[in-house]
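What follows is a set of notes on a single structure, which appears directly below.
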Ligand SMILES: NC(=O)c1ccc[n+]([C@@H]2O[C@H](COP(=O)([O-])OP(=O)(O)OC[C@H]3O[C@@H](n4cnc5c(N)ncnc54)[C@H](OP(=O)(O)O)[C@@H]3O)[C@@H](O)[C@H]2O)c1
């Protein structure tokens, strides 16, 4: 392996493997392949229905569990007091032990955010996760989370060159919290972009490596999903080169507010604060 993702942001390995929409043996085999290639950070969620398969991979991959970093997320349907804790108990049963990072997957209605953050904290105090964090929180919600839970570890959000997330990144920087980039290659949509292709040609690297390098070089964790061995190798191969300031800002200028891949109905009208 040319380069290993030894870099961490706030204790979170800078490059991880996403597991949506993997299922069954495909999921277990892909996670084991990634670990064998040097991945130490795996991202799953209750919503993906694959925590058991991820757990099976962790158990049989040959790397000690304390060398691996596993994130899972509480499904929105479990956000209320009646279901939150039982759902996390099921998750850690399936994963074979406590998570390294447990996230609120999607923000509940505004009036329930503080109560949900308190439920998250209770899971950490009960030893079911080492760290806690949030996902898909806006700047305002992130400030609220950090005020309620000073040890909130990250905000996992859609982050790639086609989506302008500079406001959210600035809010996270001000709070001293890393973002974790989901859909970091925009599910392949950014590979055709002319600016990215020109920079890729200059560096003699595929566009995917340029995009992932642009993400981690600004202190953002990336969790690309791939089932292909050569893509998994390539996605890790971003720690031995740098983009210059001009290249970084050219890529940062591509994004727009309408570049979102994932926009569920329950976030309608809620992204802009
Ligand atoms: N918190 C949330 O709400 C949330 C939402 C969405 C996703 N996520 C997490 O983020 C992870 C990643 O996001 P995502 O799966 O939506 O999008 P993504 O990682 O941007 O895109 C995945 C797609 O990109 C392709 N790809 C990956 N590396 C490549 C490479 N080097 N060259 C060419 N193609 C490549 C993969 O195809 P191949 O298999 O052919 O390589 C796959 O089709 C998910 O798996 C999940 O764990 C979280």
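What follows draws every value from the coordinates through simple rules; no lab data is involved. Since this is a predicted model, take the numbers as computed values, not measurements. Neighbour counts run over all protein chains shown; Cβ positions are idealised from the backbone, glycine included.
Structure above, values below:
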{"read-out": "Where labels lie 7 Å past Cα in the beta-carbon direction, separation of residue 257 and residue 125 in nm", "value": "4.0 nm"}
{"read-out": "Three-way shape call for segment 162-244 based on the alpha-carbon gyration tensor, with the a/c threshold at 1.5", "value": "prolate"}
{"read-out": "Relative contact order %, the chain, counting alpha carbon pairs below 8 Å whose residues are six or more apart", "value": "19 percent"}
{"read-out": "Alpha-carbon centroids, segment 71-120 and segment 1-51: separation in whole Å", "value": "20 Å"}
{"read-out": "Gyration tensor verdict on segment 219-273 (Cα atoms; rounded if a/c is under 1.5, prolate if a/b is larger than b/c, oblate otherwise)", "value": "oblate"}
{"read-out": "Expected-Rg normalisation [2.2 N^0.38 Å, Cα atoms] applied to segment 1-156", "value": "1.01"}
{"read-out": "Tensor-based shape of the chain (alpha-carbon gyration tensor, a/c under 1.5 rounded, otherwise prolate or oblate)", "value": "oblate"}
{"read-out": "Distance between modelled label sites at residue 273 and residue 8, nm, 7 Å Cα→Cβ extension", "value": "3.5 nm"}
{"read-out": "Relative contact order of segment 159-214, defined on C-alpha pairs under 8 angstrom at six or more residues apart (%)", "value": "34 percent"}
{"read-out": "Computed [θ] at 222 nm, deg cm²/dmol, the chain (DSSP H ≥ 4; -39,500 (n - 2.57); rounded to nearest 500)", "value": "-11500 deg cm²/dmol"}
{"read-out": "Where only alpha carbons of segment 133-273 are counted, the Rg and the Dmax (Å)", "value": "15.2, 46"}
{"read-out": "Gained length - residue 111 relative to residue 241, 0.36 nm times residue gap less alpha-carbon distance", "value": "42.3 nm"}
